[in-house]
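> One structure follows; several queries about it will come next.
The values are calculated or read from the model by the stated rules, or taken from the named source; none is laboratory data. It should be emphasised that the depicted structure is a prediction, and the values quoted were computed from it without experimental measurement. Reconstructed Cβ throughout: ideal geometry from the backbone, glycine too, with neighbour counts over all protein chains shown. Heads up: the accessible areas ignore ligands, DNA and RNA and are worked out on the full protein's heavy atoms, side chains in. Shrake-Rupley method; radii C 1.70, N 1.55, O 1.52, S 1.80 Å.
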Amino acid sequence: MSSTELPGVRSTAEPSALAGAVRVAEGEQLRTVALPGLELAVRVRPPVRTDLPPALFVHGLGGSSQNWSELMGRLADTVDGEALDLPGFGWSPPPADKDYSVTAFARAVIRYLDAAGRGPVHLFGNSLGGAVSTRVAAVRPDLVHTLTLVSPALPELRVQKSAVPTALLAVPGMAALLGRVAQGLTAEQRTRGVTELCYGDPSRVTPEGFRNAVEEMERRMALPYFWESLTRSSRGIVDAYTLGGQHGLWRQAQRVLAPTLLVYGGRDQLVSYRMAHRAAAAFRGSRLLCLPEAGHVAMMEYPEVVAAAFRDLLRDTEDGRG
């Protein structure tokens, strides 16, 4: 079952620092953007040069902008990166309308990009963020220069057994039951369970990264809207899977015009590895990176490989090879 935060694998520079209750990596900043009925926390990685193209990173279910810190650091010489906390996650408060659907999340991303005037951006999405980014790229192609999806949560006919608990969160009353079951677990036990579910090789997580994740788990579990955000977001994913016609995610994937990089992990327990080739066929002219040893969060497990693949995409796009 997805949860609040994932530990990092390694540090690229100095150890993380605490700014109040917010953990930011060296060189990062966290700011708040207020829009009508919506407040978003945005993690900023100032670029090494002022002429770099903008990029936006969107996390998955139960995660936060912190999930992208490692990759953002490696791409600081390539893009002007920002990662947002979706409403109800990370340090963003719940949306005023309590709408946690994929469409509502996509609308939040679009509203932010329109307000910031940063588009078109190089858009990155993981898991739920991959579904959200797919929808954004399909309905607002003017906002997306390239699209990079890491284990995107696109509809599967046969859901993996290890992903069933997350899907069960969408069932009315199930969140309360799972919450009671989880009450007996410590923050460390919960974090270890999430790590084993999301990482291809949990032993690659550093002790410091694990301690930081436990600390974040404790913070998130204390929030009054913790279970609501997980429950409603899980329901939003299930609802998005059942949509057909022009609103279906696979149909929208076919409408994406931006050059697309797809990243899948061979040990992913939440998004099946077998979906990789279907996705490659759906996103026109896409390129596929398969990492046999990676799990659900390849950008955290193998950030150097994902960064190199994105640079190849960017170079070929700029050269006109597409």
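> Hey, with R₀ at 35 Å, roughly what FRET efficiency would residue 215 and residue 31 work out to, going by the Cβ-Cβ distance, to 0.05?
Numbers: r = 22 Å, r/R0 = 0.62.
Rounded to the nearest 0.05, the efficiency is 0.95.
> Give me the net charge of residue 309's neighbourhood, meaning all other residues with Cβ under 12 Å from the Cβ of residue 309; Lys, Arg count +1, Asp, Glu -1. Walk me through the intermediate numbers first.
On the way: positive: 74, 287, 311, 315; negative: 304, 312, 316.
Overall, the nearby charge balance is +1.
> I would also like to ask the following. I'd like the Karplus ³J(HN,Hα) series for segment 241-249: coefficients 6.51, -1.76, 1.60, θ = phi - 60°, whole numbers in Hz, and an x wherever there's a Gly or Pro.
Per-residue couplings from phi come out as 5, 8, 6, x, x, 5, 8, x, 5 Hz.
> Right, next: Name the long-range amide H neighbours of residue 148: under 5 Å, sequence gap of 5 or more, or other chain; modelled H, no Pro or chain starts.
It is 123, 124, 125, 261, by chain and number.
> Can you give me the % of accessible surface on segment 202-308 that is carbon or sulfur? Probe 1.4 Å, all protein chains present, nothing else counted.
Working: 2540 of 4570 Å².
Carbon-and-sulfur percentage of accessible area, whole number: 56.
> Multiplying the sequence separation of residue 257 and residue 52 by 0.36 nm and subtracting their Cα-Cα distance, what value in nm do you get? Please list the in-between numbers first.
Working: separation 205, 0.36 × 205 = 73.80 nm, distance 2.20 nm.
In short, 71.6 nm is gained.
> Using θ = phi - 60° and the Karplus form 6.51 cos²θ - 1.76 cosθ + 1.60, what ³J(HN,Hα) does each residue of segment 49-54 get, whole Hz, x for Gly and Pro?
9, 7, 9, 6, x, x
> Show me the ranking of peptides 62-69, 201-208, 215-222 by mean Cβ neighbours inside 10 Å, starting with the highest. Before the final figure, lay out each step's value.
On the way: 62-69: 27.2, 201-208: 13.6, 215-222: 17.6.
Descending packing order for the listed peptides: 62-69, 215-222, 201-208.
> Hey, another quick one. What is the projected area of the convex hull of the Cα atoms of segment 36-101, averaged over all directions, in nm²?
In nm², the orientation-averaged hull projection of segment 36-101 is 4.8.
> Would you pull out the residues with amide H under 5 Å of residue 81's amide H, same chain only if 5 or more places away, H placed 1.01 Å from N?
So residue 81 has HN proximity to 45, 55.
> Another question, then. Evaluate Rg over Rh across segment 69-147, taking Cα atoms for both radii and Kirkwood's formula for Rh. Please list the in-between numbers first.
Numbers: Rg = 12.5 Å, Rh = 13.1 Å.
Using Cα coordinates only, the ratio equals 0.95.
> Grab the Cα-Cα distance for residue 316 and residue 239, subtract it from 0.36 nm times how many residues apart they are, and report the gain in nm with one decimal. Write down the numbers at each step before the final one.
Working: separation 77, 0.36 × 77 = 27.72 nm, distance 3.61 nm.
That pair, residue 316 and residue 239, stretches by 24.1 nm at full extension.
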